[in-house]
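Asker: Once you've had a glance at the structure underneath, I'll fire off some questions.
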Amino acid sequence: MLTYCSAQEANLVRGQGAAHDERRSAIVEAVFALVDAGGVDQVTVRRVADRAGVSIGRVQHYFPTKDDLLRAASVAINERGTQRVQERATGGDPGDVLRAVLSVLIPRDEDERRLFRIQQSFETYALTNPELAEHLKQGYTDLAALFTLLLGSTEAEGHQLLATSIGLATLVLTNTITPAQADNILATELA
């Protein structure tokens, strides 16, 4: 049976809508590459355009300023983390969700290590950028509240688990401990 769709719906599948999303993703990936290679200071509209293989005007069409680029990249990293949690959560009970969130907060492969390095660069940059700092603060507040809810505990305990997991991620990232050692520490903390 043949089905018909509007021109607008067709553009979302192929053409303008799909191309728009692909270009936007390529630009965000270019930001990731630049930040991972040399930190946030390496991000300029020109460098992003060169890295993404698009014109400066195209980058500015999607992201008018460097801060817009960085904010979009930071949101994209958070979305990837959320997606990984959804993939790892195998059940609906709070313990399963908590284990999935904690497993995502510990970098386990090179792609996750890369994303953590980039995220840490954003966090450092946020110390001098109030708008990005507010975005970061909201993300941490939401994550601590989720921990509090999943643990059925106090807000202080939610923040303690957040601080522990962030510290362990840094220790894994610097090869001070292995992901398995971080998992053991978290298991002890949760017990």
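Asker: May I ask you to derive the relative contact order of region 67-191, considering only C-alpha pairs under 8 Å and at least 6 residues apart, and to give it as an integer percent?
Answerer: The value is 24 percent.
Asker: How large is the helix-only mean residue ellipticity at 222 nm for the chain, computed as the sum of -39500 (n - 2.57) over DSSP H runs with n ≥ 4, divided by its residue count, in deg cm²/dmol to the nearest 500?
Answerer: -25500 deg cm²/dmol
Asker: Show the residues, 5+ positions off or on another chain, whose built amide H is closer than 5 Å to the amide H of F63.
Answerer: Amide H neighbours of F63, under 5 Å, 5+ apart: none.
Asker: Quick one: Karplus J couplings for region 138-148, per residue in order, coefficients 6.51, -1.76, 1.60, θ = phi - 60°, nearest Hz, x for Gly and Pro?
Answerer: 5, x, 5, 4, 5, 5, 5, 5, 5, 4, 4
Asker: Rank by packing, highest mean first: peptides 30-37, 85-92, 44-51, with packing defined as the count of other Cβ atoms within 10 Å averaged across residues.
Answerer: Going from most to least packed, we get 30-37, 44-51, 85-92.
Asker: When the Karplus curve 6.51 cos²θ - 1.76 cosθ + 1.60 is applied with θ = phi - 60°, which whole-Hz ³J(HN,Hα) does each residue of region 104-113 get, with x for Gly and Pro?
Answerer: Ordered by residue, 3J(HN,Hα) equals 6, 6, 10, x, 10, 9, 5, 5, 5, 4 Hz.
Asker: Among (i) 33, 23, 15; (ii) 27, 19, 16; (iii) 20, 20, 16, which one is semi-axes √(5λ) of the Cα gyration tensor in Å computed from these coordinates?
Answerer: (i)
Read-outs: derived from the displayed coordinates by stated rules, not from any lab. Predicted, not measured: the structure shown is a model, and the values here were computed from it. Cβ coordinates were reconstructed from backbone atoms using ideal geometry, including for glycine residues, and neighbour counts include every protein chain displayed.
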